[in-house]
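Just below is one structure, and these are the notes that go with it.
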Amino acid sequence: MHLFLTRPLSAIAYVVFLIGLTGCGEDAPGPRGSAAAVSPRTMADALHHVIESDRTVYARHVVNRLQDEEGVILASEQWEDDRALPLPAQMFRMGAQLTAEKTDAFSYALLSMWPVNRQNAPRTEMEAAGLQGVADDPTTPFYGMETLGGIEYYTAVYADVAVSPACIACHNTHPDSPRDDFQLGETMGGIVIRIPLGR
């Protein structure tokens, strides 16, 4: 099969596009009509790979390198006023908000049981259970179903780990952080992806 794209796709759109063509994943149901259907779990896993990769690249190769290693520019919560880099969590939230303006096919958020910002604490039983699950075993994503506002969602939670010294330095020294003992590679929270299944 040859693919001809007339314009560039975003990374997330391209992953979803390819999965839609291949129907990859053991849990993907069979074809419907002429196109292979994609299971919610396969879609969530694919989205997570892209989101986590972008987050890791920004934390390691932008914030950690420019702030901690080379001392070129700081990262700051007040990044606009300080003419600084946004923190990785702020970049994540801005991307999630922009995505939400463009599609309702899925949503994602960065949450934690130890949030620096209270708006990033779990708000549902599923979020709390998922965050605890990935804290206990970061190698195993947490999957479940929940109904919010009369809509059923497939919800997936993946461990969000400290990927650079900048991550742990920020969280361990922040005055609003509930913890000051994070270690490199430790789970600090979770990436929550929701896919609506219908009413």
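Before moving on, here are some points about what is shown:
- Of everything listed in (1) modelled with pLDDT under 95; (2) loosely packed, with under 15 Cβ neighbours inside 10 Å; (3) of a type outside the set (D, E, K, R), the single unmet condition for Ala166 is (2).
- Exactly one residue out of Thr147, Thr124 is over 13 Å from the mean Cα position of the chain (by Cα) and in contact (Cβ under 8 Å) with a residue 12 or more places away in the chain, and it is Thr124.
- The helices (runs of 4 or more DSSP H) falling completely within the stretch 79-160 that include 1 or more residues that are closer than 25 Å to Val57 by Cβ and modelled with pLDDT of 95 or more map to 88-102, 125-136.
- Being part of a loop (DSSP other than H, G, I, E, B), of a type outside the set (Phe, Trp, Tyr), loosely packed, with under 12 Cβ neighbours inside 10 Å and touching a residue at least 40 places away in the same chain (Cβ under 8 Å) holds for only one residue in Asp176, Asp181, and it is Asp176.
- The stretch 103-115 - residue that is under 23 Å from Leu87 (Cα atoms) and in contact with a Leu (Cβ under 9 Å, 6 or more places away or on another chain) and, of those, surrounded by the fewest Cβ atoms within 10 Å (Cβ to Cβ): Met113
- Applying the condition of being under 19 Å from His49 (Cα atoms) and part of a loop (DSSP other than H, G, I, E, B) to the stretch 184-199 and asking which residue is modelled with the lowest pLDDT yields Gly185.
The values are calculated or read from the model by the stated rules, or taken from the named source; none is laboratory data. Just so we're clear, the structure is a prediction, and the values are computed from it rather than from any experiment. In this analysis, Cβ positions are derived from the backbone assuming ideal geometry, glycine residues included, and neighbour counts consider all displayed protein chains.
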